[in-house]
Structure formats: structure tokens, C-alpha cells
Ligand SMILES: Cc1cc2nc3c(=O)[nH]c(=O)nc-3n(C[C@H](O)[C@H](O)[C@H](O)COP(=O)(O)OP(=O)(O)OC[C@H]3O[C@@H](n4cnc5c(N)ncnc54)[C@H](O)[C@@H]3O)c2cc1C
């Protein structure tokens, strides 16, 4: 059959745009149901983010996944999909493919060898269920006519009953990220919530940077807090500001111009500790080196706290110093942006989608899955778990 442009049109039950974790999982599940499926991907290979994820070993899920590990304007939205495809379900698949894996910490499951193992798993499953994958193909236009979705692509025209948007977020444009999913949503009058880089390093103002960039490379265990959100993990000073797992986690919550709070010595109430040592003649800097990396202790003393013997500070001063060490406040100047963000927060408004099927309420047959949706996981394998779970959910209905 030819379309009005005279192009030959290929029919598929399901067309999926984007061959990342979500699109591939959806394709496999729809294929299992006997649906004819094609994935359209503009990169030269599938799963580019899977390949680089987890430092090349793909933190493919988290065994402790709970709905609380996700940010969304509707915190209940992800519950249904996460309950129907669990970390154990994905682990079963990984074990069936004899991929060795291990828990690194906090339920984070990584491949022992390489993230390429996960890509091969998904490729093999696609072959098993006759999923076609069209690489290096861009979508020129999408429309809905006579009950079918019509796609014009750089490699021909397609018609389908179901169209699944799995194009991910805006993070790391060099790996193929585009705003395609949001554009399609707007074309079909589906609301898109504002997007922002998340799981991203934070930058410091010039004044703070002048002091703290000398600590570039220093890392320490902390508790980082922003409003109600709090994470106990390492922070890392960088030449632009702050990074490390605790900072990446808090960046997903942080709003511009507001302070984040860092407890540099989470094990101890430093007001009490300094009070107990108030009569000692030891210099504050040397005392703090017992509890902090030496370079950080020096910078804090040189620029903020002074470096006198402990017995030369008043009780009130020691209380203030103790308080600051347990609650240091930074107002970041911004983030390092989409070029460095692991994910994109915001996106397709979940009020527009069925939480059971991921189908758009206004446009039957149109599905949105994965990172393009306003569901953003914490660091630690939760984002892939959402990709698998939302892909699985849509795959049962597309
Ligand atoms: C450096 C890095 C490390 C990460 N590590 C982890 C980790 O270890 N664990 C974890 O859980 N999460 C990790 N993440 C996050 C995780 O990679 C994403 O949340 C996940 O890949 C989202 O899956 P997705 O299928 O929704 O989107 P994506 O994986 O982004 O896939 C979308 C696909 O759509 C394609 N596409 C986009 N636009 C178009 C278009 N117009 N036409 C055709 N194709 C298009 C893209 O090329 C891409 O292949 C990491 C992210 C980054 C950047």
C-alpha cells in the first residue's frame, strides 16, 4: 500500500520509537503476545545509555526498589507498573541468560563483566520474539488517520495500531537524546511538565569556588539534605563545585537559589564533641583532621573557622563551629546541565496516562514509557527498573 506521498507503507501492530531499556522491554513483551513490532532508533546501535551506565557495568536494577525511590508530580503513578514487573523479574531474565552479577551496595545490582551483557540479552529476546529494529532512522512526521498511526521516516513509511514513545529524556545529547517525545505529546495535546537535569553535579558561585575548588578530588561520607529529602553517601569536591552520589541524589530535588545542607561529620554531634574538648590546647585544624580529610579541615579553618587552640574559643564560638560542621550550607549557582545529568526530571504529565497501561487517556493507542515520563528514580538502578517496568506494562497492551 502507498500513502499520499506515493511512499510504500509497511504495516506493524506496534511501532516503538527509541531502542533504550524501555522501548526494548516493551517490544519484547508485545512480541511475546504475537504482535508484529518494529523499533525505530536514530542511533547506529541500540541501548547506548545501557552501554555506558554504571561505569560500564550497568547498575541494571535495585533489589530494594520502592515507589519512594521515585520523584513525580504524582507519587502514586509508578506503583502499579513497579508492582507488576519487579527487580526479581528482571534478575530472573538476567539469570536465564547466565549473566553473572553482584550487589555492590544498598541493593544496587551490577553486571560482573560488562553492560554489553544486558544489551545482548535484550537483542536476543528481540530476536526470539521477531522484533524488527530499524537503526539510523529518523522520524520525519507522525500523525493519526483512520484509526492508525502513520509515520514518515528516513527509511520509509509505517502504519500501526499502537505507537509507543520511548525516546528518553534530554540528558547526554551526544548519546542521541532528543525532545522528540515531548514534541509528539504536544502535537497530540498531551501536557508536558517542565523538564530539568537531575542526578547531576551542582556548581558553586565564584566566591565559594575560589575557596573550595582547591579541594577538587576530595571525597567524604556526609548527609546531604534539601528540605525533606536527605541522603547519606559520599560527596566529592570538583573544580566546578560538588558531585558524588549524595550530591547527585539531592540535585534531583534541589530548586535554584535555595541552600543545600551538608553534615560533614554525620556520626557525631560536633557541638557536644567540641564542648567536651574545650579546655585542650590543640589547634582546631589539627583536632578536625581527626574527623575530616586534612585538606578540608585546613580550608574550613583558613577561610571560615579560624585556627586557634581549642581553649582560646569561647563556648559560644565552639557551639557555632560545631553547628556549622553538622550543617554546612551551600547555595549552588546551578547544575552542570543536561551534558552531565544522568536523567531528566519532569516530562509527560502522568495525569495524562493510565498507570496500568501507560496509554494516553486522550489518544488511545499512543503510549509513553521510560524516562520521557515524569517519573525519575534515585541513583542506584532505579531508573532502569522504571524503564523495564513501564516498558513491561505497555508491552501487555500495545
Ligand atoms: C552516564 C549515565 C549512566 C547511567 N547509569 C545508570 C545506571 O547504572 N542505572 C540506572 O538505573 N540508570 C542509569 N542511568 C539512567 C538510565 O540510563 C536511563 O534512565 C534509561 O536509559 C532510560 O531508558 P529509556 O529507554 O527511557 O531512554 P533511553 O535509554 O535514553 O533511550 C531512548 C532512545 O531513544 C532514542 N531516540 C531519542 N530520540 C529519538 C528520535 N527522535 N528518533 C529515534 N530515536 C530516538 C535514543 O537514541 C535512545 O536510544 C544512567 C544515565 C547516564 C546518562
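The values are calculated or read from the model by the stated rules, or taken from the named source; none is laboratory data. Remember, predicted model here, so these are calculated numbers, not experimental data. Positions of Cβ are backbone-derived with ideal geometry, glycine not excepted, and every protein chain shown enters the neighbour counts.
See the values below:
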read-out	value
Which listed residue, of 95, 48, is surrounded by fewer than 21 Cβ atoms within 10 Å (Cβ to Cβ), over 20 Å from the mean Cα position of the chain (by Cα) and either away from the ligand (no atom under 13 Å from the Cβ) or on the phi < 0 side of the Ramachandran plot (or both)	95
Meets criteria (surrounded by 17 or more Cβ atoms within 10 Å (Cβ to Cβ) and touching a helix residue (DSSP H, G or I) at 6+ places or on another chain (Cβ under 9 Å)) for residue 348	yes
Residue in segment 3-22 that is closer than 19 Å to residue 359 by Cα, in contact with a helix residue (DSSP H, G or I) (Cβ under 6 Å, 6 or more places away or on another chain), within 11 Å of the ligand (Cβ to nearest atom) and in a helix (DSSP H, G or I) present	yes
Residue satisfying condition, being outside the structural domain of residue 239 (by TED's automatic domain parsing) and surrounded by fewer than 16 Cβ atoms within 10 Å (Cβ to Cβ), within set 308, 356	356
Condition check for residue 377: near the ligand (Cβ under 9 Å from one of its atoms) and modelled with pLDDT of 95 or more	yes
Elements of type helices (runs of 4 or more DSSP H) contained in segment 25-133, each with 3 or more residues being within 16 Å of residue 382 (Cβ to Cβ)	79-84, 87-96
Number of the condition not met by residue 173 [criteria: (1) surrounded by fewer than 19 Cβ atoms within 10 Å (Cβ to Cβ); (2) within 20 Å of residue 39 (Cβ to Cβ); (3) within 12 Å of the ligand (Cβ to nearest atom)]	(2)
Sole exception among (1) surrounded by 15 or more Cβ atoms within 10 Å (Cβ to Cβ); (2) within 16 Å of the ligand (Cβ to nearest atom); (3) at positive phi; (4) touching a residue at least 40 places away in the same chain (Cβ under 8 Å) for residue 244, by number	(4)
Boolean, residue 311 is at pLDDT 95 or above and in contact with a strand residue (DSSP E or B) (Cβ under 7 Å, 6 or more places away or on another chain)	no
Lone unmet requirement of (1) buried (at least 23 other Cβ atoms within 10 Å of the Cβ); (2) under 16 Å from the mean Cα position of the chain (by Cα); (3) at positive phi for residue 54	(1)
Failed item, numbered, when residue 392 is tested on (1) surrounded by fewer than 19 Cβ atoms within 10 Å (Cβ to Cβ); (2) assigned to a helix (DSSP H, G or I); (3) within 16 Å of the ligand (Cβ to nearest atom)	(1)
